[in-house]
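The values are calculated or read from the model by the stated rules, or taken from the named source; none is laboratory data. Keep in mind that what you see is a predicted model, and the values were worked out from it rather than measured. Cβ atoms come from the backbone with ideal geometry, glycine included; neighbour counts cover every protein chain shown.
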Amino acid sequence: MRYYVVDAFAEKVFEGNPAGVCVLDSWLPDGLMQNIAMENNLSETAFTVKEGEAYRLRWFTPGGEVDLCGHATLATAYVLSSFVETGADRLLFETLSGRLTVSRRGDLYELDFPAYTLTPVPVTGAMEEAAGFRPTEAWMARDLVCVLEDERQVREAAPDMARVTALDGLLLHLTARGKDYDCVTRSFAPKMNVQEDPVCGSGHCHVVPLWSRKLGKKELVARQASRRGGTLFCRDCGERILLAGRAVLYSAGEIYPGNQG
């Protein structure tokens, strides 16, 4: 099968978040898709099949399937518009999180995603021990969001992954107000066998509603402060979040899943 690696939310290769993209004629067994994701060892590998006017899209981490992934959706839209439906300016995806739309705005790909509803939770000693800094606030949806005092703490954090795994929530996001950006965030997913997600789209479906309310603005420029780094242009639309970014092709090749012996 044809296989691509795309750096999403990136201005050039080796930035943003690399995602694998497999464009299929028909679905593979779940176990085989999981093995491919483990072999690729990227934070996500996306698999997509055309179904009517839309594409069915699924995302696998090395540790299992997830219900929402922003960077791999952006990467899939880039691959489809570049190599399959050349020049397409709007793509529809059917996913575990419902229908998602990706639109091209010049060289930006804008993702229309559901916003998570955050519930405040008490800050605990376990959170402080896991993050290395005591959060000023904590919020829970699918993931745990810990607000830190300043951007420096987010950038310098070296979380204890064993303690992160023991926390509630699928991922841990550490976030703070930024100096050059509206907010800065880092995302950790040891439960999915991903230590740090270089740029997390679904994480920003958590933090954008939070910072939109705090800052009193609907449009935000967010920075993922991982080592690779990535910039997201975000808009809070209430129950939906628009996330836009650029993408760069790193590689294209073939996978031979039949060579299993």
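If you take the residues of segment 68-94 that are among the aliphatic types (A, V, I, L, M) and assigned to a strand (DSSP E or B), which of them is nearest to Tyr4 (Cα to Cα)?
First pass over segment 68-94, keeping only residues among the aliphatic types (A, V, I, L, M): 68, 72, 74-75, 77, 79-80, 84, 88, 91-92.
With assigned to a strand (DSSP E or B) added as a condition, the list becomes 91-92.
Working: Leu91: 18, Leu92: 19 Å.
Going through the qualifying residues, I end up with Leu91.
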**Asked** Does segment 21-42 include one or more residues that are of a type outside the set (Phe, Trp, Tyr), in contact (Cβ under 8 Å) with a residue 60 or more places away in the chain and closer than 20 Å to Thr231 by Cα?
**Response** no
**Message:** Can you say whether Glu65 is surrounded by fewer than 24 Cβ atoms within 10 Å (Cβ to Cβ), part of a strand (DSSP E or B) and not aromatic (Phe, Trp, Tyr), as far as the supplied structure shows?
**Reply:** yes
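So how many residues does segment 229-248 have that are more than 14 Å from the chain's Cα centre (by Cα) and crowded, with 16+ Cβ neighbours inside 10 Å? Quick ask: steps written out before the conclusion?
Residues of segment 229-248 that are more than 14 Å from the chain's Cα centre (by Cα), as a first pass: 235-240, 248.
In the following step, the residues that additionally are crowded, with 16+ Cβ neighbours inside 10 Å were identified as 235-236, 248.
The number of residues fulfilling the criteria is 3.
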**Fill in**
From the option list Met140, Met127, Met161, single residue qualifying as in contact (Cβ under 8 Å) with a residue 40 or more places away in the chain and either surrounded by 15 or more Cβ atoms within 10 Å (Cβ to Cβ) or of a type in the set (S, T, N, Q) (or both) is Met127
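Return yes or no: is Val164 modelled with pLDDT of 95 or more, in a helix (DSSP H, G or I) and of a type in the set (Val, Ile, Thr)?
Details: modelled with pLDDT of 95 or more: yes; in a helix (DSSP H, G or I): yes; of a type in the set (Val, Ile, Thr): yes.
Yes.
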**Asked** In segment 170-195, how many residues are buried (at least 19 other Cβ atoms within 10 Å of the Cβ) and assigned to a strand (DSSP E or B)?
**Response** 13
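State all residues of segment 242-254 that are more than 15 Å from Phe14 (Cβ to Cβ) and touching a Gly at 6+ places or on another chain (Cβ under 9 Å); if no residue qualifies, say none. Break it down into steps so the answer makes sense when it comes.
Keep residues of segment 242-254 that are more than 15 Å from Phe14 (Cβ to Cβ), which gives 242-245, 252-254.
Matches in segment 242-254: Leu243, Gly245.
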**Asked** Could we say that Leu210 is in contact with a helix residue (DSSP H, G or I) (Cβ under 8 Å, 6 or more places away or on another chain) and outside the structural domain of Pro62 (by TED's automatic domain parsing) here?
**Response** no
**Complete:** Quick count over segment 80-124, residues being over 18 Å from the mean Cα position of the chain (by Cα), touching a residue at least 60 places away in the same chain (Cβ under 8 Å) and surrounded by 16 or more Cβ atoms within 10 Å (Cβ to Cβ), is 1
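Here's the yes/no breakdown for (1) touching a residue at least 60 places away in the same chain (Cβ under 8 Å); (2) outside any strand (DSSP E or B); (3) touching a Ser or Thr at 6+ places or on another chain (Cβ under 8 Å); (4) farther than 20 Å from Gly106 by Cβ:
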| position | (1), (2), (3), (4) |
| --- | --- |
| Val207 | yes, yes, yes, yes |
| Lys214 | no, yes, no, yes |
| Ala222 | no, no, yes, no |
| Arg227 | no, yes, no, yes |
| Phe233 | yes, no, no, no |
| Leu243 | yes, no, no, no |
| Leu249 | yes, no, yes, no |
**Asked** Failed condition for Gln153, given (1) touching a residue at least 24 places away in the same chain (Cβ under 8 Å); (2) over 12 Å from Gly203 (Cβ atoms), with all others met?
**Response** (1)
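Kindly indicate the residue of segment 41-60 that is among the polar types (S, T, N, Q) and modelled with pLDDT under 95 and also nearest to Gly253 (Cα to Cα) among those meeting that condition.
Within segment 41-60, the first condition is being among the polar types (S, T, N, Q), and the residues that meet it are 41, 43, 45, 48.
Subset that is modelled with pLDDT under 95: 41, 43.
Values: Asn41: 16, Ser43: 19 Å.
So, considering only residues that are among the polar types (S, T, N, Q) and modelled with pLDDT under 95, the one nearest to Gly253 (Cα to Cα) is Asn41.
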